[in-house]
Amino acid sequence: MSGPEDTDDTIYTVAFRDGMFLMVWNAARGGWEMPGGHVRKGETREDGARREFEEESGWSVDIVGIRDLGHCRVCAGVLRGPPRPGHEMRARLFSELPGELSFPREEYMDTVPWARRTVYGGTGSERTEPAGPGWYL
């Protein structure tokens with residue numbers, strides 16, 4: 001939800017820990033999505049991305065790259081924890097995209113590999129294999 005101090009600039013972050021990426025459950029939209037939102041007046045995009053990420057997921061994130069998609073910007077990040085209590089949404093780590101998404105799968109099919117390459121280097125196929133398909137934080 002945007003407020004009076006928000007700009008039209010929107011941003012979200014794909015952040016990793018141990019090869020898995022974090023998504024939040026948006027009950028209003030009925031799906032999983034990357035934490036993000038509007039950049040506020042006087043904020044840098046990176047600061048806005050960090051603030052939105054922490055508000056929604058409870059996790060701190062280091063931004064290591066940013067990409068302009070035209071309609072919004074996406075950041076690549078590294079999770080820093082542990083998460084703080086009192087965040088807005090349920091957060092979960094995934095090794096692959098879940099079935100229920102808030103936004104079109106096609107966008108994430110491009111941005112998740114890009115963020116993985118930005119964080120870990122290489123082709124995006126290298127990763128630390130998780131013990132299971134995902135776990136709740």
Taking region 79-92 as the region of interest, how many residues are surrounded by fewer than 16 Cβ atoms within 10 Å (Cβ to Cβ) and touching a strand residue (DSSP E or B) at 6+ places or on another chain (Cβ under 6 Å)? 1
Checklist (1) at pLDDT 95 or above; (2) in a strand (DSSP E or B) applied to residue 9, failing item: (1)
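Are any residues in region 1-26 hydrophobic (A, V, I, L, M, F, W, C) and either buried (at least 19 other Cβ atoms within 10 Å of the Cβ) or in contact (Cβ under 8 Å) with a residue 60 or more places away in the chain (or both), and if so, which ones?
Pass one, region 1-26, residues hydrophobic (A, V, I, L, M, F, W, C): 1, 11, 14-16, 20-25.
Result: 11, 14, 15, 16, 20, 21, 22, 23, 24, 25.
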Within region 107-120, identify whether any single residue is modelled with pLDDT of 95 or more, under 15 Å from the mean Cα position of the chain (by Cα) and in a strand (DSSP E or B), and answer yes or no. no
Being under 16 Å from residue 83 (Cα atoms) and part of a strand (DSSP E or B) is the filter here; which residues of region 15-49 pass it? 15, 16, 17, 20, 21, 22, 23, 24, 25
Of all residues in region 50-101, how many are in a helix (DSSP H, G or I) and touching a residue at least 12 places away in the same chain (Cβ under 8 Å)? 7
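The values are calculated or read from the model by the stated rules, or taken from the named source; none is laboratory data. This is a predicted model, so every value here is computed, not measured. Backbone-built Cβ (ideal geometry, glycine too); neighbour counts: all protein chains shown.
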